[in-house]
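For reference, the structure is listed below as structure tokens.
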Amino acid sequence: MDTISNEASNLNNNLSRMANVPEAYRYFTLDQLKGALKKMYLIRRFEEEAEDSYQRGLTYGTMHLSIGQEASAVGICMPLSNADYITSTHRGHGHCIAKGAEPGKMFAEFFGKETGYCRGRGGSMHIADVTTGNLGANGIVGGGIPIAVGAALSIKHQKKNAVAVCFFGDGANNEGSFHESLNMASIWKLPVVFVCENNQYGMSTSIERSTSVKNIADRAVSYSMPGITVDGNSFSDVASASVEAVARAKSGEGPTLIECLTYRTRGHSRSDRNRYRTKEEIDAWAARDPIPRFEGELLNFGILNETMIAEVREAAEREIQSALEFAKSSPDPDPLQVANFVYSS
Amino acid sequence: MTDSAIREISFSQAIYEAMALAMEADERVILMGEDIGVYGGAFQVTGDLVHRFGPERVIDTPISELGGAGVAVGAALTGMRPIFEFQFSDFATLAMEQIVNQAAKMRYMLGGEVSVPVIMRLPCGSGSGAAAQHSQSLEAWFAHVPGLKVIEPTTPYDAKGMLLAALEQNDPVLIFEHKLLYKMKGHVPEGHYTVPIGPSETRRQGKDVTIVATAIMVARALEAAVILEGENIDVEVIDLRTLRPMDTESIIASVKRTSRLLCVYEGVKTLGIGAEISAAIVESDAFGFLDAPVIRLGGQECPIPYSPGLERASVPQVDDIVRCARDLVRRKI
Ligand SMILES: Cc1ncc(C[n+]2csc(CCOP(=O)(O)OP(=O)(O)O)c2C)c(N)n1
Ligand SMILES: [Mg+2]
């Protein structure tokens, strides 16, 4: 990475003496790594609280939890700043936090409050903090893919040193928008990174039943761009792939397709009865939970000790609790304002 | 009374039953859609049909609305009778090309030499907190297209009978199913019967105001009618049921009796169902019978918001209907 600090290079010097240290740990500063861990905790805890409020009947509508997929969201966003864009999906809480949103305004949106990121208009499926470069979660599968390509077109025209990162699920790879978008990004060599979070299922339909290729990364061949498949539950693998793809995009070499292999341990949404998968499968993936794996690596490589990890976890917990309080005590939107924000003037 | 005469099942069970009967009777009937197999459909309408008829006839498509709907159109063109389920009617926007340019026009473009007996089922409407991209009522868009038939049953009885009627004719039929109706129960006979596509149904007779309503608004209009009865306002409620072809005759006849018309529908008010009904009255001899201006009560000019209070405010509620009907009775041309 170009912006390597002293702290990071010290960490790097120590780490470089150890064998088998994943590359990602050499790129980032200690603070960045702590920040990544904290974001993973925040995502997990945000979604656990969201789930809890549903189960207690305190919230409305539906929601899609990304529990088990946190390493993908956080790893991909590691090399990004607020100048870089992301487009997200219906399963977007993790992307939103990874890109820097505050849990308080997210909970407020989730509870339909005026103080929420979308002023209560969007709800769980649309939560996004646009000030961090998040162009929106999306209720339409594949809806965000061409939008990310459009953002990359802007970046190129405006000669910015930035990228657009496009998150989508395995299910989205069978929408026309996916194929049309990858083609345009490729022919115009746009600074975009396509990130397929392959959690094995689009709702109940497994990729074996829905998709003609074994690895979704293989789709990249048709659009003359690199396609790589990574362990999406490994923070370091995801972050390394992202660093490389972002560098390639920024240097004008064009798009990359990254496939993060992961799993949602919860159902698709509230209505899911899990009829299409086995408990054994769910348990096997739960055993590969990205959060303990990240903690384990940080400990093993001597980057953080137990006390430091506990401090990060507690800081995240405090943030979640005050976020919840903020959201719950916030006002509802005024029904008379229902038709505001449709037009700019 | 026989058991069958008193049997009550839900709106979604009624649709399930119609599909099962059709599949038993006719090998050409197949189901297509996202997660309609082991998942049982996003709203659990197809249920266990995949176990009864197998995955060859209950086909889970990839998440590919344009392609999936188009495959159903192609199969219908060549001898099958596909019933294609959109998970939400909002996603039919991804398949507009195949619905509007292909299915609707094919028979005409080929000089009447072919037919496209495809049925599409589209869960629509707000009220479940699903927000802007999962709550729309877009049926008027489709009803604008010659070549499509657009129906919107509001009772379990009609849901089954109209789906079975759709299977007996040879044109594309779009069935809009309001999500809030799925759990509604009502009397449904067990065997095969049909409810014709086209005629509206008068759900309540009255002499002061005609309310023409669609989808969930029929139930709200009937509720409003009870409240209005207490104020000595006698309301007639017409359930439109079919948008295209529209039964304007019955509406005209009703307005001639009541002299007042209120149109209630969930889709955005402007350029919608209400405009068409009002125009039909203005263009007919019922015009001279009007004692008050027509009122359209439709959805607000905005997407459907998430927050419950906003969502309620975005589409007509019972109170709004009561208020408008009162207004009509007080106002004079
Ligand atoms: C165009 C469209 N079709 C269908 C849906 C309904 N739907 C919402 S999420 C989903 C599954 C998406 O699968 P995937 O892309 O793998 O994302 P995941 O849910 O696994 O994160 C489906 C079918 C939708 N929202 N939009
Ligand atoms: Mg998936």
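The values are calculated or read from the model by the stated rules, or taken from the named source; none is laboratory data. Since the model is a prediction, treat every value here as computed from it, not as a measurement. With ideal geometry, Cβ positions are generated from the backbone for all residues, glycine too; neighbour counts draw on all protein chains shown. Remember, those area values only see protein heavy atoms, side chains included, never the ligands or the DNA or RNA. Shrake-Rupley method; radii C 1.70, N 1.55, O 1.52, S 1.80 Å.
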Inset, instruction - For region A:29-187, report the convex hull volume of the alpha-carbon atoms normalised per residue, in Å³, without decimals. - result: 112 Å³
Inset, instruction - Calculate, for B:THR194 and A:SER154, the FRET efficiency according to 1/(1 + (r/R0)^6) with r their C-beta to C-beta distance and R0 51 Å; round to the nearest 0.05. - result: 0.40
Legend entry - ³J(HN,Hα), Karplus 6.51/-1.76/1.60, whole Hz, each residue of region B:291-304, x for Gly, Pro: 9, 8, x, 5, 10, 9, 10, x, x, 5, 7, 7, x, 6
Inset, instruction - Mind listing the long-range amide H neighbours of B:ARG244? Cut-off is under 5 Å, sequence gap 5 or more, other chains count too, H placed in the peptide plane at 1.01 Å from N. - result: B:VAL150
Inset, instruction - Run through all the Cα pairs of region A:24-117 and give the fraction in each 5 Å bin from 0, expressed as whole percent. - result: 3, 13, 23, 25, 18, 10, 5, 2, 1, 0
Inset, instruction - Would you work out which of A:THR229, A:PRO290, A:LEU33 lies farthest towards the positive end of the dipole of chain A, given +1 charges on the beta-carbon of Lys and Arg and -1 on that of Asp and Glu, about the Cα centre? - result: A:THR229
Inset, instruction - Quickly estimate the mean residue ellipticity at 222 nm for chain A, helices only: each DSSP H run with n ≥ 4 gives -39500 (n - 2.57), and the total goes over all residues, rounded to 500. - result: -13500 deg cm²/dmol
Inset, instruction - Using Cα positions and a limit of under 19 Å, work out the aspartates and glutamates in reach of B:LYS185, with same-chain residues fewer than 8 apart set aside. - result: B:ASP3, B:GLU8, B:GLU17, B:GLU152, B:ASP158, B:GLU177, B:GLU201, B:GLU223, B:ASP239
Inset, instruction - Would you be so kind as to identify all helices of chain A, as entire DSSP H runs, whose Cα atoms reach 30 Å or more along the helix's own axis and whose mean Kyte-Doolittle hydropathy is at least -0.5? - result: A:306-328
Inset, instruction - Just the ratio, please: alpha-carbon radius of gyration of chain B over 2.2 N^0.38 Å, N its number of residues. - result: 0.99
Legend entry - Radius of gyration, Dmax [the protein assembly as shown; alpha carbons; angstrom]: 27.4, 94
Inset, instruction - Please arrange A:MET40, A:MET203 by accessible surface area, largest first, computed with a 1.4 Å probe and ligands excluded. - result: A:MET203, A:MET40
Legend entry - Stokes-Einstein translational diffusion, region A:291-345 - Kirkwood Rh over all Cα pairs, 1.002 mPa s, 20 °C, in µm²/s: 143 µm²/s
Inset, instruction - Please report the relative contact order for chain B, taking Cα pairs under 8 Å with a sequence separation of at least 6, and give it as a percent rounded to a whole number. - result: 16 percent
Legend entry - Accessible-area ranking of A:SER330, A:SER251, largest first, probe 1.4 Å: A:SER251, A:SER330
Inset, instruction - Straight distance only, please: which lysines reach the Cα of A:LYS39 with their own Cα at less than 19 Å, same-chain residues fewer than 8 apart left out? - result: A:LYS99, A:LYS105
Inset, instruction - List the residues whose amide H sits under 5 Å from the amide H of B:VAL29, counting only those 5 or more places along or on another chain, with H placed 1.01 Å from N in the peptide plane. - result: B:ARG81
Legend entry - Cα long-axis angle, helix B:216-229 against chain B (0 to 90 degrees, to the nearest 10): 30 degrees
Legend entry - Fraction of antiparallel bridges per DSSP, the protein assembly as shown only, in percent to nearest 5: 15 percent
Inset, instruction - Please determine, in degrees from 0 to 90 and to the nearest 10, the orientation of helix B:248-258 with respect to the longest principal axis defined by the Cα atoms of chain B, where the helix direction is its Cα long axis. - result: 20 degrees
Legend entry - Gyration tensor (Cα) of chain A, equivalent ellipsoid semi-axes in angstrom: 28, 25, 22
Legend entry - Residues of type aspartates and glutamates that A:LYS328 reaches as a straight line, Cα spacing below 17 Å, ignoring anything fewer than 8 places off in the same chain: A:GLU47, A:GLU48, A:GLU49, A:GLU51, A:ASP52, A:GLU102, A:GLU109, A:GLU114, A:GLU317, A:GLU319
Inset, instruction - Treating the angle as unsigned and between 0 and 90°, give the value, to the nearest 10°, between the Cα long axis of helix B:273-282 and the longest Cα principal axis of chain B. - result: 50 degrees
Inset, instruction - Take every Cα-Cα pair in region A:193-305 and report what % of them are more than 19 Å apart. - result: 55 percent
Inset, instruction - Could you give me the radius of gyration and the Dmax of region B:162-321, taking only the C-alpha atoms into account and expressing both in angstrom? - result: 16.2, 47
Legend entry - Shape metrics for region B:247-316, restricted to C-alpha atoms - Rg then Dmax, Å: 14.1, 44
Legend entry - Shielding by partners, peptide A:112-125 (average Cβ within 10 angstrom, other chains): 5
Inset, instruction - Just reorder B:TYR157, B:TYR265, A:TYR60 by solvent-accessible area, largest first, 1.4 Å probe, all chains present. - result: B:TYR157, A:TYR60, B:TYR265
Legend entry - Kirkwood hydrodynamic radius (C-alpha pairs) into Stokes-Einstein, region B:1-146, 4 °C and 1.567 mPa s, D in µm²/s: 80 µm²/s
Inset, instruction - Mind checking A:199-207 for the average number of partner chain beta-carbons within 10 Å of each residue's beta-carbon? - result: 4
